[in-house]
Amino acid sequence: MLHVASLPIRRVPWPPAGTSDPDSLVTHEWLATNGLGGYASGTVAGVMTRRYHGLLIAALDAPLGRTVMLSHVAEQLRFPDGRRIEVGGRERTGDAPDAHGTGYLVEFRLEGGLPVWRYDIQGLLIEKRVFLPYMQNTVDLMYELVSGADRVELALRPSVNFRAQEAPVSEPLGAPYEFRSSGDESEIVRAGGPFPSLRLRLWAEDPSFTLKPKRIDNVLYPVEESRGYQARGDLWSPGYFRFVLQPGRRAALVASTESSATMNVLQPDQALTADRQRRQRLIAQAVSAARHDAEAELVLAADQFIITPAGRTEEAARAHAFGDEVRTVIAGYHWFTDWGRDTMISLEGLTLVTGRQVEAGFILRTFAHYVRDGLIPNMFPEGRKEGLYHTADATLWFFHAVDRYVKCSGDRLTLALLYPKFKDIVDHHVRGTRFGIHVDERDGLLAQGAQGYQLTWMDAKVDDWVVTPRRGKAVEINALWYNALRLMERWAVEEGDAAAAEYRQRAVRVRESFNDRFWFAQGGYLYDVVDGEGGGNDSKCRPNQVLAIALPHPVLDQARWEAVMHVVRDQLLTPVGLRSLAPSDPEFKAKYFGNLRARDAAYHQGTVWAWLVGPFIDAWLKVYPNDIAGARRALDGFALDIMSIGSIAEIFDAEPPFTPRGCIAQAWSVAEVLRILVKLSLLAGGTELAIHDLDKVEA
């Protein structure tokens, strides 16, 4: 019998335990995505607190990029006796706290990763769902009367301010908005602007629309205020929809920037069924150890980051000519686009553990096209088709990602196609390429650095201030360089290329120099940078050194592994990842908060990064291969019901209570936790295979 994967359900009792402060109700956030980079997101309480919150942030063609198209929908129950009750939270105006509807919320849950609210309004149980049909800039808001009456009337008032998602909320409403209606459909149009119209359709019993335009002034976005940005803005609403809810019959408001034909190809119930079945397939195709419990939730969370980018028509045409599809990875929601470094680090957890090897190939071949001067792009800015190349490590992670992919998929053809590019990449690094990236032939180590640029993953920059420049020979850059040379040696042998001897010689030289130059005997760990800008070595205790052990080809002598890992465990390990700097350092920052300058000053100066738990556990198990229980304890703090429910945040404060910060959902956080959970599950089951051998486990 064919097994259909069950969808995980995560319930969050409401209000959450210990939340006596009403403002704490708006710190829990949800996210739903559409496979294009577009999304819907907000607080569980229904209050918008960020510029990125909205019910439809559409991924539009360049130069628009992701655009806030539907900001909010106010929901009001109407009774025959004239009573009117706000169902969910609404926008906050002025300085008044939101007191509308959050008291009626009794449960929030994720059903297969999709948000569901349950309200108990004087005995009426009403549920609301929000989902985005896959590969559409469309959102469905679905309502259901569960019990308590035979019928009830609900009114929905949509509000908008079309703007780029990065634009401040104070962006003026601009040209007058128009509301047009024809048959079953309506649309909101901003005259004379670059934005598409927002189409609306109500699927309900006895629907009607009352035209009653309203300007909603001075809406407050408190998270933007706390981050030092413009925090007050205006919205416009055309009026409100009214309809009847009856038990057993769902109603839905659909909003879209797509054509009418695309928007209406499935009725809302059909669209929901299709989306659930797609999610069941995602879980079913993942490796067996990832089909249940938190692992299954992370498989669905991983899906949010794998996208077909909107607007890159030339790239799509080129890929189609080769029989490919364009795929890339959103680094984090809400504000990140696709980043080369994040993509390559995340690839194993997002695609190989989840059984999406075909898409992994698409991603790798997509990035291979963009190799310039021996570098892959660091990032693709919002609404642009060409990448920026200011990175010294993303390209080296590319070698690692391809190695994992080929071992998992057996796709030797892709390796053969990419091998000439890898040769060119190595040649450029040896000769020297952009941003001072070059091999120092005196010791064979890789150096990098250019004024005004942040080239490693510790890349915070405010105006002209590069917070952690790390110019010189960085520890993880050389660990990655050694790993790449060893991979090239093996691939060259397999390709019958005589250059294998050169790669081997270079690798041997790097290893000798690394162990001679990077060992900080006084501290019993590795220098973070040698031959820095001032000519000296940087002895700051940072997590980057873990990669000298964790990578498949570790550059550090095994005799020093245990000492390094003890220092990292004692100084950097937290329940939610590794600190970016030891607390004993005078530049250590315990909290990530405040305006942009204050936050970036702490970004890599103590702030905990979740993704680093992956390399830490990889390295720990090399030192203590039987300590599976100890390795698992390093994951104890990763709860999926804080901040972004069902996902994992980008960063955390460096001291208890390790408050989540930054992006509410981050690709490499999800990818590395999922990868390691599966790895530990396999090891606990007696399977001594690495993640790249999961295809063998399945067989």
Query raised in the report: What is the helix-to-structure angle for 475-495, meaning the angle in degrees between its Cα long axis and the longest Cα principal axis of the chain, kept from 0 to 90 and rounded to the nearest 10?
Result: 80 degrees
Query raised in the report: Averaged over all directions, how much area does the convex hull of the C-alpha atoms of region 160-287 cover when projected, in nm²?
Result: 11.7 nm²
Query raised in the report: Which three extents, in whole angstrom, do the alpha-carbon atoms of region 122-220 cover along their principal axes, largest first?
Result: 45, 34, 33
Report summary line: Binned at 20 Å from zero, the C-alpha pair distances of region 286-698 give percents of 28, 63, 9
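Taking 37 °C and 0.692 mPa s as the conditions, I'd like the Stokes-Einstein D for the chain in µm²/s, using the Kirkwood hydrodynamic radius from alpha carbon pairs.
Once the numbers are plugged in, D ends up at 124 µm²/s.
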Report summary line: Taking Lys and Arg as +1 and Asp and Glu as -1, residues besides Arg312 with C-beta under 12 Å from its C-beta add up to -2
Report summary line: One can check that the equivalent ellipsoid of region 235-379, built from the alpha-carbon gyration tensor with semi-axes equal to the square roots of five times its eigenvalues, has lengths in Å, largest first, of 33, 22, 15
Report summary line: Rg/Rh of region 381-540 (Cα atoms, Kirkwood Rh), to two decimals, equals 0.99
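Normalised by the residues of region 286-698, what does the relative contact order come to in percent, with Cα pairs under 8 Å and at least six apart?
On the way: 777 pairs, mean separation 66.7, N = 413.
It rounds to 16 percent for region 286-698.
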Requested in this report: Report Rg(Cα)/(2.2 N^0.38 Å) for region 29-176, keeping two decimals.
Outcome: 1.09
Query raised in the report: So what's the back-of-envelope 222 nm ellipticity for the chain, counting only DSSP H runs of four-plus at -39500 (n - 2.57) apiece and dividing by all residues, rounded to 500?
Result: -9000 deg cm²/dmol
Query raised in the report: Along the charge dipole of region 286-698, Cβ charges K/R +1 and D/E -1, which of Val608, Val371, Val329 sits furthest on the positive end?
Result: Val371
Query raised in the report: Highest mean first, what order results for 305-315, 168-178 on Cβ atoms within 10 Å?
Result: 305-315, 168-178
Query raised in the report: What is the diffusion coefficient of region 397-452 in µm²/s, taking the Kirkwood radius over Cα pairs and the Stokes-Einstein relation at 20 °C with a viscosity of 1.002 mPa s?
Result: 167 µm²/s
Requested in this report: Could you give me the percent of Cα pairs per 10 Å distance bin for region 445-602, shortest bin first, beginning at zero and ending with the bin that holds the maximum distance?
Outcome: 10, 35, 33, 16, 5, 0
Report task. Would you mind checking the tilt of helix 561-571 against the longest principal axis of the Cα atoms of the chain, expressed as 0 to 90 degrees and rounded to 10? Result -> 40 degrees
Report summary line: Distance in Å, no decimals, from the C-alpha centre of region 137-206 to the one of region 266-330 is 26 Å
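Which of Tyr389, Tyr482 comes first, and how do the rest follow, when ranked by fewest Cβ neighbours within 10 Å?
On the way: Tyr389 22, Tyr482 28.
Ranking Tyr389, Tyr482 by Cβ neighbours within 10 Å, fewest first, gives Tyr389, Tyr482.
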Requested in this report: In whole Hz, with x marking every Gly and Pro, tabulate ³J(HN,Hα) for region 127-144 from phi via Karplus 6.51 cos²θ - 1.76 cosθ + 1.60, θ = phi - 60°.
Outcome: 10, 10, 10, 10, 8, 10, x, 4, 6, 9, 8, 9, 10, 10, 9, 10, 10, 9
Report task. Could you estimate the translational diffusion coefficient of region 545-634 from the Stokes-Einstein equation, with Rh from the Kirkwood formula over C-alpha pairs, at 37 °C and 0.692 mPa s, in whole µm²/s? Result -> 238 µm²/s
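If we sort 396-405, 204-213 on the protection proxy, mean other Cβ atoms within 10 Å, highest first, what's the order?
Numbers: 396-405: 23.8, 204-213: 13.1.
Descending mean neighbour count gives 396-405, 204-213.
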Query raised in the report: Could you give P(r) for region 15-273, binned at 5 Å from zero, as whole percent values over all Cα-Cα pairs?
Result: 1, 6, 14, 18, 20, 19, 13, 6, 2, 0, 0
Report task. Using θ = phi - 60° and the Karplus relation 6.51 cos²θ - 1.76 cosθ + 1.60, list the HN-Hα couplings for region 73-84 in order, rounded to whole Hz, with x at every Gly or Pro. Result -> 10, 7, 10, 9, 7, 10, 10, x, 7, x, 5, 9
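How would His72, His28 line up from fewest to most surrounding beta-carbon atoms within 10 angstrom?
Working: His72 25, His28 21.
With the sparsest Cβ surroundings first, the list reads His28, His72.
For Arg163, Arg109, Arg675, Arg442, what ranking results if the residue with the fewest other Cβ atoms within 10 Å of its Cβ goes first? Before the final figure, lay out each step's value.
Working: Arg163 24, Arg109 18, Arg675 28, Arg442 8.
With the fewest neighbours first, Arg163, Arg109, Arg675, Arg442 line up as Arg442, Arg109, Arg163, Arg675.
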**Report entry** region 464-544 - Rg (one decimal) and Dmax (whole number), Cα, Å
**Finding:** 15.3, 48
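Any read-out appearing in this document is the output of simple, stated calculations on the displayed coordinates, not a laboratory observation. None of these values were measured; they are calculated from a predicted model. Heads up, the Cβs are rebuilt from the backbone with ideal geometry, glycines too, and the neighbour counts pull from every protein chain shown.
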